[in-house]
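Step one of this worksheet: look at the structure below.
None of the figures in this text is laboratory data; all of them are computed from the coordinates on show. All values reported here derive from a predicted model rather than from experimental measurement. Here Cβ is always computed from backbone atoms with ideal geometry, including for glycine, and neighbour counts include all displayed protein chains.
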Amino acid sequence: MSGMPIFDIAGSALAAQSVRLNAVASNLANADDVSGDPATVYRPREAVFSAMSVDPANPSLAGVRTSGVMESQAPPIKRYEPGNPLADGTGYVYAPDIDPVAQMVNMISSSRAYQADVEVVNTAKELAMSTLSMGH
Amino acid sequence: MADSINSLFGVHAAALGLREARMNVLASNLANVDTPNYKARDIDFARALADATAAAEPQSKLATSDAGHIALANGTDTSSANVYRIPLQPSLDGNTVDGEYEHAAFARGALEYRASLSFVDARAKMLMTAITGQ
């Protein structure tokens, strides 16, 4: 096992999936934020993945890179709450457009992918250990 | 020396290297399960092994007497056997990785690696027996 790119590949995927999980956690934590100004209200974030070469000699091997964390451009939801201390002059507050169900689905998908990558690392480690102890 | 090692371990030395190369490709697929426009890949193991064993046999080696001649692939060069997977369920983002399928292929690949490893290991132990006489 020369260089063992499998650990780089699975490691990059673990890092990328954890960025995605963090983005979901941030969105769920801020799901009930309100603001009196639509420009300052929290915007849902989403990690964007792209393939990344880990071995220049072998282009068929690809890890994952988080090429950016995008903020949603969806307009905030406008609610009439004149009793809210954060309301603007006309009695409106603005809340981010976060769908908790979509966020939970995103979280489950991400956590499944993370588990699969952990399993890849464990299997690769086990096979490498067996290879190292060959002949004993 | 390389030829004598090949004759000691038979096809299993080449097979072990190719199995590792295939595990790397399957790990790439699993890593990119959510990457837009990523196309799942695989190695056609039978073709890669045929290429590797053909390259190891002296009589089938190409003479490279000129700088422009191309030598045959060495043991773990799988470039001629790289294939793209045909997607079972194409998705809108252009990704062709099927997580469950890759998972099963990876588990099977790990088992095949262990099988090749046990063949090489058995040969090594046999040689130790022959050398030490115990």
### Query
At a Förster distance of 30 Å, what's the computed FRET efficiency of B:Asn37 paired with A:Asn122, Cβ-Cβ distance as r, to 0.05?
0.55
### Task
Please work out the FRET efficiency for the pair B:Arg47 and A:Val101, using the Cβ-Cβ distance as r and a Förster radius of 51 Å; give the result to the nearest 0.05.
0.65
### Task
Would you mind calculating the gained length between B:Gln134 and B:Ser7 on full extension (0.36 nm times residue separation, minus the Cα-Cα distance), in nm to one decimal?
43.4 nm
### Task
Report Rg/Rh for the protein assembly as shown, rounded to two decimals, where Rg is the Cα radius of gyration and Rh the Kirkwood radius.
1.18
#### Entry: Total formal charge among the other residues, if their Cβ is under 12 angstrom from that of A:Asn27, Lys/Arg +1 and Asp/Glu -1
-3
#### Entry: Amide N proximity, region A:14-34 versus A:Leu86 label position 7 Å along Cα-to-Cβ, cut-off under 19 Å
A:24-34
### Message
For the ranges B:44-50, A:42-48, B:90-96, what's the packing order if you count other beta-carbon atoms within 10 Å of each residue, average per peptide, and put the highest first?
### Response
A:42-48, B:44-50, B:90-96
### Task
Would you mind computing, in nm to one decimal, how far apart the modelled labels at A:Ser109 and B:Ala122 are, each placed 7 Å from Cα along Cα→Cβ?
4.6
### Query
Using unit Cβ charges (K, R positive; D, E negative) and no other charged atoms, how large, in debye to the nearest 20, is the dipole of the protein assembly as shown about its Cα centre?
600
